[in-house]
1. Out of all the residues in the stretch 137-150, which are within 9 Å of Ala191 (Cβ to Cβ) and surrounded by fewer than 18 Cβ atoms within 10 Å (Cβ to Cβ)?
2. What are the residues in the stretch 102-128 that are among the β-branched types (Val, Ile, Thr) and either without any contact (Cβ under 8 Å) to a residue 60 or more places away in the chain or touching a strand residue (DSSP E or B) at 6+ places or on another chain (Cβ under 9 Å) (or both), if any?
3. Against the definition (within 11 Å of the chain's Cα centre (by Cα) and of a type in the set (S, T, N, Q)), how does Ser70 come out, yes or no?
4. Which of the residues spanning the stretch 163-192 are surrounded by 15 or more Cβ atoms within 10 Å (Cβ to Cβ), of a type outside the set (Gly, Ala, Ser) and either farther than 23 Å from Gln43 by Cβ or free of Cβ contacts under 8 Å to residues at least 24 places away in the same chain (or both)?
5. Can you tell me which residues in the stretch 114-130 are under 21 Å from Gly53 (Cβ atoms) and surrounded by fewer than 21 Cβ atoms within 10 Å (Cβ to Cβ)?
6. Between a first residue in the stretch 15-27 that is in contact (Cβ under 8 Å) with a residue 40 or more places away in the chain and within 14 Å of Ile125 (Cα to Cα) and a second residue that is among the aliphatic types (A, V, I, L, M) and not in a loop (DSSP other than H, G, I, E, B), which pairs have beta carbons less than 6 Å apart while being 6 or more apart in sequence or on different chains?
Amino acid sequence: MKGVIFLTRTGYDPQLGKHVKDPYLGPNPSLGACRPDLRERLQPGDSIFTISGKIATAPQFVMGGFDVASKVHATEAYQLYPEQRVGLREDGQRTGNVIVDERGQQHELDDHPSSTIERRFKNFIVGTNPIALVTNREIDAGRRETLDALCDILERKGKTPFEIVGRSGRTMNERQIEEMREWLESIKRDAS
């Protein structure tokens, strides 16, 4: 078992920034179009954790994670997860990480380059065992504790999540995965 932790794009923050559409950390967690490099490497039983994108008004935080249950093609994900199909929210932001349309082609709202689309259609990660910081209290605690937790769990020094995790993300071993999950669970317990 291995894991990975990575940062979402700048500006993406579920509380104070843009809507985070991929990965999806809800009841049917998934990683659909982003990070094809990671999706190719990860296998069932592995784990994924995600850090919010950089915003000017607040520290980044570990949003949550899940375990990889299986990998499917985006056309299969279209059938399995209609609630995760690309669409627009009431505020005009894009939502959904299933980037194909009913014909199995790139959805017109998806803005990934057409030159990479076939690679993005492959290895849609179906998740299980999700854990996510979702309430304001959980997120606020996550913001306060993330930097120290990343330094401790990943055994790396840094003043920002980017300095610790890097642009490509960081591979995690089994102990680090367990510690990350335990830390997230403790935040959820303390915030309830």
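The values are calculated or read from the model by the stated rules, or taken from the named source; none is laboratory data. Here the structure is a predicted model, which is why all the values come from computation and not from measurement. Every residue, glycine as well, gets a Cβ built from its backbone with ideal geometry; the counts of neighbours run over all protein chains shown.
1. Across the stretch 137-150, the qualifying residues are Arg137, Asp140.
2. Ile117, Ile125, Val126, Thr128
3. no
4. Of everything in the stretch 163-192, those that are surrounded by 15 or more Cβ atoms within 10 Å (Cβ to Cβ), of a type outside the set (Gly, Ala, Ser) and either farther than 23 Å from Gln43 by Cβ or free of Cβ contacts under 8 Å to residues at least 24 places away in the same chain (or both) turn out to be Ile164, Glu178, Trp183, Ile187, Lys188.
5. Thr116, Pro130, listed by residue number.
6. Pro23/Leu31; Leu25/Ala132
Here's the yes/no breakdown for (1) over 27 Å from Gln106 (Cα atoms); (2) more than 15 Å from the chain's Cα centre (by Cα); (3) free of Cβ contacts under 8 Å to residues at least 60 places away in the same chain:
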{"residue": "Ser30", "(1), (2), (3)": "no, no, no"}
{"residue": "Arg35", "(1), (2), (3)": "no, no, no"}
{"residue": "Leu38", "(1), (2), (3)": "no, no, no"}
{"residue": "Gly45", "(1), (2), (3)": "yes, yes, yes"}
{"residue": "Thr50", "(1), (2), (3)": "no, no, yes"}
{"residue": "Pro59", "(1), (2), (3)": "yes, yes, no"}
{"residue": "Gly64", "(1), (2), (3)": "yes, no, no"}
{"residue": "Ala74", "(1), (2), (3)": "no, yes, yes"}
{"residue": "Tyr78", "(1), (2), (3)": "no, yes, yes"}
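Okay, residues lined up against (1) surrounded by fewer than 19 Cβ atoms within 10 Å (Cβ to Cβ); (2) modelled with pLDDT of 95 or more; (3) out of contact with any Asp or Glu (no Cβ under 8 Å at 6 or more places or on another chain); (4) in a loop (DSSP other than H, G, I, E, B):
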position	(1), (2), (3), (4)
Val4	no, yes, no, no
Asn28	yes, no, no, yes
Cys34	no, no, no, yes
Glu40	yes, no, yes, no
Gly65	no, yes, yes, no
Ala69	yes, yes, yes, no
